[in-house]
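Shown next, in C-alpha cells, is the structure this report addresses.
The values are calculated or read from the model by the stated rules, or taken from the named source; none is laboratory data. Keep in mind it's a predicted model, so treat the numbers as computed, not measured. In this analysis, Cβ positions are derived from the backbone assuming ideal geometry, glycine residues included, and neighbour counts consider all displayed protein chains. In case anyone asks, the SASA skips ligands and DNA or RNA and just uses the protein heavy atoms, side chains included. Shrake-Rupley method; radii C 1.70, N 1.55, O 1.52, S 1.80 Å.
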Amino acid sequence: MLDLEERLKKIPDLPGVYLHKDELGQIIYVGKAISLKNRVRQYFRKQKNMDPKVKAMVGHIADFEYITCKTELEALILECNLIKKYMPRYNVLLRDDKTYPYIKVTTNEQYPRIIKTRKTERDGGRYFGPYSDAGAVNTVIDLLNDTYSLKRCATKSFTKDARPCLNYHIDKCTAICTNEMSQEEYAKKLSPAIKFLEGKRKPLLDELAAAMNAAVERLDFEEASVLRDRIKAAEAVSEIQRVAVAGAGDMDLVLAVRTANENYAVIFSVRSGKLLERETFRMHVNEVDNKEDIVTNFLMQHYSEAADDIVPPVIIVESLPKDSKLIEQSLSAISGKKISVVVPKKGVRKAFLDLARSDIRQMYDVIDEKARNEKKRISALNDELCKIMSEAGYIEPPDKELYRVEAYDISNLSGIDTVAAMVVFLGTQRARKEYRRFRVKSVEGPDDYTSLKEVIYRRFRRAEKGDESFSNMPDILFIDGGKGQVSAVSQVLSAMKIQIPIFGMMKDKHHRTRALIYSVGDAFVEIDLKDRPLLFKYVGNIQEEVHRFAIEYHRKLRDKRMKISELDNIGGIGPAKRNALLAHFGSIDAVKQADISNLRDVPGITEAIAAKIREYFNC
C-alpha cells in the first residue's frame, strides 16, 4: 500500500494528467489538472459531501501516478488520449469515439481547401492540431478563407462551361471553376494561410488588430466586435501543445533514469502523433554503466523480442549510442522495416523529447517507490497463485519472481471462421508481444471442445519442435469456460505427458467472472472468487483480455470474408479491377445489368474481360 502522505508531498504544482490504479495496477480513472498537487490531494481528504461515485472510486485506489505537461491544453488532450486507450472503469466514455478537431489543408488537390476534420489520414493532406476549441477552429477557417479568398467547394474538377457560385459574387472566392487562375497563382494566395497555421501568425494578427482599431475609430462597433472575435479565435489555435501533433507519426522515446537505488529505462509511446503511454522498466546494470549503456542494452533486449507492429519506425534517445548504426540494422532486420534511432535537434520530435525530459525530472522522487509498490503487488498475487496451485494438487509450485499465465478462448459464429486466442500475463502485466492467434483447421461447425484440443496441441507441439515463438512455457493455464473446456485441455496435456495446472474461468448468469474450476481425477472443484478480491480482479482482467483478443481476430476474418465479391470468381479480375467496377457502377447489381460497351468504359476492363463478365452472369 502506498505511503499517502509522503507521495502527496512529492506531487509537483504543475499541469498534468493523473492515473488512479487499483491493487493490481490496473488504471481505473484518468483525470487532468491545472495543478496536480492540489487536485490529487483532494481525493484523499475526508469530505462529507463527496460524490458517491468518487467515494466508490477512492475505495479502490491502491496507487497513482502522473504525467506532467507544460500547459492545461496539453493535459486536456493527453487525458482524452489516455481515456480512449485504457477505457478506465470510472471515467465517462464516449461511445461515438469523437475526438478533437484538426485543421486540414487538402494539399492532395490541385486547388487546396482549408477545412475542419476529426480524422487524420495518410492522404497527402496537411493536418494541424488537434485543438480543444472547436468554435475557434471554425472561426479561423472562415478567417483564412475570407482573407485570402480561397476555394470552399469540394468539387475537384470543373467543366468548361462552369459558372461561378455565390461566393464569387460576394468576393469570397476567386472563381477557380472558370480556370481564370493558374495553380501557381493560387498557391501564392494559399501560402500565407499555411504559414499562419505553421505558427507564423504575427502578420495576420497585426493586420486584424489594425482593422479592428480602424473600425473603432469610425464607430463601426459591429465590425470591430467581429474582428475582435477573430483575433481571439486565432490566439486560441495559436497555443502550442506537444502531446498530440498531426503528422508526427509513430515513435518511441527511450530515456534512462538513475536513482540512488535503481536504474530504469522509461518509454514514452507516440502513435499517430499522440502520446499514449509511459512505461517504466527496471534494469540490472553494473556500477560502471552510464545512461547510454542502459539505453543501448534496453533497445536490443526490448525491441529484439517485440512483434513487428510494436516496433515504431523512429526511436528517439537523448544521445546516440556508440553502436547506433548497428542497432538500427539489427532492429530493421528483426522487424522487417527501416528503424531509425535519432536525437532530434528541432521540430515536433524535439518537442516530444522536451516533454519526456520534463516529465522524467518529476519522476525522480517517486520512481523507486513506484517500483516497490509494484513488487508488493506481484508478491501478493504470487501468494494467491501459489494457493490455487496447491489447492489443485501442485504441492511445490515453482518459486518465481513472475509467473507466466497463458489464457485461451475460442470464438466463432455458428461454427464459421472458428479462431482461438492466447494471451499471456507476466505478473500483473500483459505481455502483448507473447500473444498468439490461431485459425482452427480440423473442426467443422460449432465445437469449442475439439477446437480447444487442436489449439492446445498445436501450441505445445510447436514448443516441442523448438519453435522459438512458443518456447516460453506457461506456469499456469487459464481457459475461458468450465468443466468441458478443462477436461478437453487436460486430455491433450496428459497425452503429451505435460504437467501444468489448468483452471477454467467460469462466469455467472450476467456473464461476469464468478469462479475458477479445476479437475481432480474425474471430479471437479470450484474456487469461489467472491471472498478473494485480488484473485477475482486478476482473473476478471485476464478473462476480458482473452475474450477481446479472440473477438477482434474473429471479426477481422469475418470482415475480410464478407469483402469478397462475386466478381472475384471471374478469371482476370483481381482486387483493382473489382474495385474499379464497383466504383464505376455503384453496386454488383448494376454490374450484372451492364452491357459490354458500358463495361469497357471502366479503366482496365478490356473487351475480353467484359465478355467474361457477361458470360459469368449468364447474359
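What residue, of 494, 519, 451, is more than 24 Å from residue 551 (Cβ to Cβ) and surrounded by 14 or more Cβ atoms within 10 Å (Cβ to Cβ)?
On the way: 494 fails: surrounded by 14 or more Cβ atoms within 10 Å (Cβ to Cβ); 451 fails: more than 24 Å from residue 551 (Cβ to Cβ).
Being more than 24 Å from residue 551 (Cβ to Cβ) and surrounded by 14 or more Cβ atoms within 10 Å (Cβ to Cβ) holds for just one of 494, 519, 451, which is 519.
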Answer residue from segment 576-599, given it is open to solvent by 80 Å² or more (accessible area, probe 1.4 Å) and under 18 Å from residue 618 (Cα atoms) and is modelled with the lowest pLDDT among those: 589
Can you pull out every residue in segment 132-185 that is part of a loop (DSSP other than H, G, I, E, B) and among the charged types (D, E, K, R)? 133, 151, 152, 156, 160, 161, 163, 171, 172, 180
Subset of segment 132-141 that is touching a residue at least 40 places away in the same chain (Cβ under 8 Å) and under 16 Å from residue 208 (Cβ atoms) - its residue that is surrounded by the most Cβ atoms within 10 Å (Cβ to Cβ): 140
Result of the Cβ filter at 6 Å on segment 456-472, keeping first residues that are without any contact (Cβ under 8 Å) to a residue 40 or more places away in the chain and partners that are assigned to a helix (DSSP H, G or I) and open to solvent by 70 Å² or more (accessible area, probe 1.4 Å), at least 6 apart or interchain, is 470/462
Considering only residues that are open to solvent by 40 Å² or more (accessible area, probe 1.4 Å) and within 42 Å of the chain's Cα centre (by Cα), which ones fall in segment 155-181? 155, 156, 157, 158, 167, 172
Determine which single condition residue 405 fails, assuming it passes every other condition in (1) at pLDDT below 85; (2) under 30 Å from residue 553 (Cα atoms). (1)
All positions within segment 200-237 that are of a type outside the set (Val, Ile, Thr) and open to solvent by less than 30 Å² (accessible area, probe 1.4 Å): 201, 204, 208, 215, 224, 227, 233, 234
Selection from segment 314-338 of residues in a helix (DSSP H, G or I), surrounded by fewer than 14 Cβ atoms within 10 Å (Cβ to Cβ) and of a type outside the set (D, E, K, R) yields 326, 329, 333
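Would you confirm whether or not segment 359-373 contains a residue that is open to solvent by 30 Å² or more (accessible area, probe 1.4 Å) and under 24 Å from the mean Cα position of the chain (by Cα)? Step through it out loud before you land on a result.
Of segment 359-373, the ones open to solvent by 30 Å² or more (accessible area, probe 1.4 Å) are 361-362, 364-365, 370, 372.
Then drop every residue that is not under 24 Å from the mean Cα position of the chain (by Cα), which leaves none.
No, segment 359-373 contains no residue that is open to solvent by 30 Å² or more (accessible area, probe 1.4 Å) and under 24 Å from the mean Cα position of the chain (by Cα).
Of everything in segment 303-345 that's among the charged types (D, E, K, R) and modelled with pLDDT of 85 or more, which residue is farthest from residue 259 (Cα to Cα)?
Across segment 303-345, the extreme among qualifying residues is 338.
Every residue in segment 112-131 that is assigned to a loop (DSSP other than H, G, I, E, B) and either charged (D, E, K, R) or open to solvent by 30 Å² or more (accessible area, probe 1.4 Å) (or both), please. Talk me through it step by step, then tell me what you get.
Here is the first cut: in segment 112-131, the residues assigned to a loop (DSSP other than H, G, I, E, B) are 112-113, 118-125, 129-131.
Across segment 112-131, the qualifying residues are 113, 118, 119, 120, 121, 122, 123, 124.
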Members of segment 30-59 found to be modelled with pLDDT under 85 and not aliphatic (A, V, I, L, M), listed by number: 44, 45, 46, 47, 48, 49, 51, 52, 53, 55, 59
Could you please give the count of residues in segment 430-455 that are over 30 Å from residue 383 (Cβ atoms), in contact (Cβ under 8 Å) with a residue 40 or more places away in the chain and basic (Lys, Arg)? 2
Any idea how many residues of segment 253-265 are over 19 Å from residue 81 (Cα atoms) and surrounded by 15 or more Cβ atoms within 10 Å (Cβ to Cβ)? 9
